Amino acid sequence: MRRSHQDLLGDAGLQSEIARVFGQDVLNKTISLCQGNFNDLERLPDALLQHIQSFLEPKDVGQLLRVSRRFWELSQSEGYWEKAVRQRYIALCQTRW
């Protein structure tokens, strides 16, 4: 039987059955998709996103901040840019020696 996204979101019995058969993680992902959340990056913890961001060059970070509100918000945290500059400086010093 086919059902709409709204049917799934409003049917606790159907959700329970999906969790029983496929597991809670599958149910959580399905609900998230039905709610319009298609970007898995948005679901990652802040610390992991900041770690990923730390591997980018500053110009690439600037591009990322233009296309992702989540990354932009993370970059506004206290000390983010200080840490980013410090990491780049250390990396630059290590490559010169």
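The values are calculated or read from the model by the stated rules, or taken from the named source; none is laboratory data. These numbers come from a predicted model, not from an experiment. Cβ: placed from backbone, ideal geometry, glycine included. Neighbour counts: every protein chain shown. SASA here: full protein model, heavy atoms, side chains in, ligands and nucleic acids out. Shrake-Rupley method; radii C 1.70, N 1.55, O 1.52, S 1.80 Å.
Miscellaneous remarks
- Residues of the stretch 26-51 that turn out to be over 18 Å from Arg70 (Cα atoms) and among the charged types (D, E, K, R), as a count: 1
- For the stretch 43-64, residues that are part of a helix (DSSP H, G or I) and free of Cβ contacts under 8 Å to residues at least 12 places away in the same chain total 10.
- Options Ser77, Ser54, Ser68; residue that is at pLDDT below 85, within 20 Å of the chain's Cα centre (by Cα), within 30 Å of Gln6 (Cα to Cα) and open to solvent by less than 70 Å² (accessible area, probe 1.4 Å): Ser68
- In the stretch 28-42, the residues that are on the phi > 0 side of the Ramachandran plot reach residues that are outside any loop (DSSP other than H, G, I, E, B) with C-beta atoms within less than 9 angstrom, at least six apart or across chains, in these pairs: Gly36/His5.
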